[in-house]
1. Checking the condition surrounded by 17 or more Cβ atoms within 10 Å (Cβ to Cβ), modelled with pLDDT of 95 or more and assigned to a loop (DSSP other than H, G, I, E, B), which residue from ALA356, ALA364, ALA342 passes?
2. From the list ILE125, ILE107, which one is of a type outside the set (S, T, N, Q), in a helix (DSSP H, G or I), modelled with pLDDT of 95 or more and more than 16 Å from the ligand (Cβ to nearest atom)?
3. List the residue pairs whose Cβ atoms are under 8 Å apart, where the first residue sits in segment 161-187 and is farther than 18 Å from ILE137 by Cβ, the second is part of a loop (DSSP other than H, G, I, E, B) and not basic (Lys, Arg), and the two are 6 or more positions apart or on different chains.
4. Restricting to segment 161-172, give me the number of residues that are farther than 19 Å from ARG390 by Cβ and assigned to a helix (DSSP H, G or I).
5. Just for helices (runs of 4 or more DSSP H) wholly inside segment 217-259: which have at least 2 residues that are free of Cβ contacts under 8 Å to residues at least 40 places away in the same chain?
6. Could you identify the single residue in PHE316, PHE244 that is more than 16 Å from the ligand (Cβ to nearest atom), modelled with pLDDT under 95 and either among the hydroxyl-bearing types (Ser, Thr, Tyr) or in contact with a helix residue (DSSP H, G or I) (Cβ under 8 Å, 6 or more places away or on another chain) (or both)?
7. Tell me, which helices (runs of 4 or more DSSP H) lie completely within segment 26-80 with 2 or more residues that are more than 14 Å from the ligand (Cβ to nearest atom)?
8. On the given criteria, is LEU253 surrounded by fewer than 19 Cβ atoms within 10 Å (Cβ to Cβ), among the aliphatic types (A, V, I, L, M) and farther than 19 Å from GLU83 by Cβ?
Amino acid sequence: MKRILDFNIADPNFLANPYSTYEKIHNENYVLKDQKLGAFFFGHYEDVQQILSQQDLFTTEPLAKRAEPVMGDRVLAQMHGNEHHNKRKNILSGLTGTIFRDKYKSIIYEITVKLVKNKLMIGEIDLINDFGKDYSILVTLNVLGLPTERYKDIAYWHSGISIFITSLFLTEEERNFSLDCSDKLISYLSPIIDEIMRHPKDCLISKICLTKDNEMTKSEIIALVLNVLLAATEPADKTLAYLFYNLIKNEGLLKNILADRSLLKSAVNETLRLNSPVQLIPRQTKQDVTLSGIYVPKNSIVFCMIGSANRDPSVFDNPDHFILNRKLLVKENLGKSANHLAFGVGMHVCVGAAFASMQIELTANILLDHLKDLHIDNKYILVEKGLYTRGPLSMNIKFNPCVSKER
Ligand code: 2IO
């Protein structure tokens with residue numbers, strides 16, 4: 001029987017270490033309620049799976065407030081029926097494995113090598129601030145078909161939009177900054193998107209515009225472009241940094257992976273479980289619901305605690321540990337297919353999941369080829385930031401300095 005526990009998401013102890021709260025949720029069978037926020041927080045694997053799979057009971061309505069004001073229109077997760085099906089299909093058609101191999105692979109290679117090049121002789125790189133932030137924006141701009149000359153400005157505007165989407169509390173000042181960033185990014189993108197609409201090319205934006213009767217408005221197109229830009233960049237640098245942290249910090253793991261690169265795929269997967277970059281997914285109840293014995297009134301905000309669900313000991317043995325072939329340990333009752341929920345589940349499961357996994361695996365392979373004798377300084381302390389999306393503030397990794405052999 002589950003019980004409600006009073007919870008304050010703004011508690012600095014929770015921000016510093018949400019994992020002990022996750023443990024409490026599992027050990028004492030709690031569902032959390034934040035009275036001030038008026039929201040429920042579900043952290044059990046089965047509950048999260050239920051919430052995300054029953055989209056008629058638990059709607060994506062919270063995005064109308066969380067995303068629309070900075071996106072300018074609806075994002076993919078707010079759509080349903082035919083519209084959702086068609087838009088999702090169009091976006092997916094630009095993110096296939098074939099296109100990845102034929103086109104994005106070489107682009108990602110070039111971006112990665114270019115960004116690490118001047119760090120090679122130094123023997124140290126911060127995977128977040130020297131690499132990941134620029135890397136994720138550059139890759140995504142290329143995929144969308146946007147020019148990259150002003151990527152620094154775009155990264156700045158993007159950061160403002162990201163604050164809006166991923167904050168639980170916003171000051172007036174932050175809100176204004178976010179809205180201003182959104183205005184500026186939309187003004188910048190608008191004429192470029194017009195041009196792509198006039199002369200479609202081989203890029204994701206052209207595929208997004210691919211509606212039969214061309215019934216999409218300009219703001220609908222821009223919102224989906226911003227949706228892809230945000231969703232593809234925000235978790236990418238975080239996942240890559242956590243992956244290298246896990247590879248280096250787990251005894252013998254790096255050595256095994258260097259000897260057999262096919263293991264990297266599982267390492268990316270296990271990183272997504274243990275260090276889920278998206279920790280919360282919001283939903284809203286369409287009617288009164290009782291979930292796992294907890295009564296949730298109509299129109300309540302319900303947060304899925306992805307990071308907690310992914311550490312549910314009834315699904316994952318030894319949940320706080322990095323275990324490479326974890327899939328084999330998944331408990332019987334959820335079936336062999338049970339996996340982490342880092343990409344969500346149900347009809348709104350991340351449309352870029354396969355692409356993201358390929359992207360992170362490829363980039364890690366390139367970095368492993370270029371950076372030799374990887375280690376992390378004993379003095380480095382992992383400090384994480386964020387409740388909604390969560391990632392390391394920095395990730396300094398060291399390696400043997402070498403002279404670049406690249407052009
Ligand atoms: C972009 C939070 C990075 C999505 C969001 C407004 C909608 C949706 C998500 C993920 C990850 C982002 N929500 N992607 O949780 O598109």
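The values are calculated or read from the model by the stated rules, or taken from the named source; none is laboratory data. Note that the coordinates shown come from a computational prediction; the quantities given were computed from them, not determined experimentally. Glycine also receives a Cβ, built like all others from the backbone with ideal geometry; neighbour counts cover every protein chain displayed.
1. On the way: ALA356 fails: assigned to a loop (DSSP other than H, G, I, E, B); ALA364 fails: assigned to a loop (DSSP other than H, G, I, E, B).
The conditions single out ALA342.
2. Numbers: ILE125 fails: in a helix (DSSP H, G or I).
Only one candidate qualifies: ILE107.
3. What qualifies is SER167/TYR388; LEU168/ILE9; LEU168/ALA10; LEU168/LEU37; LEU168/LEU387; LEU168/TYR388; PHE169/ALA10; GLU174/SER167.
4. Let us first name the residues in segment 161-172 that are farther than 19 Å from ARG390 by Cβ, namely 171-172.
Within this subset, residues satisfying the condition of being assigned to a helix (DSSP H, G or I) are 172.
Qualifying residue count, segment 161-172: 1.
5. Numbers: elements: 218-233, 236-249, 253-259.
Answer list for segment 217-259: 218-233, 253-259.
6. Values: PHE244 fails: modelled with pLDDT under 95.
From the options PHE316, PHE244, the qualifying one is PHE316.
7. Details: elements: 45-53, 63-66, 68-71.
Here the list reads 45-53.
8. Working: surrounded by fewer than 19 Cβ atoms within 10 Å (Cβ to Cβ): yes; among the aliphatic types (A, V, I, L, M): yes; farther than 19 Å from GLU83 by Cβ: yes.
Here the answer is yes, as LEU253 does meet what is asked.
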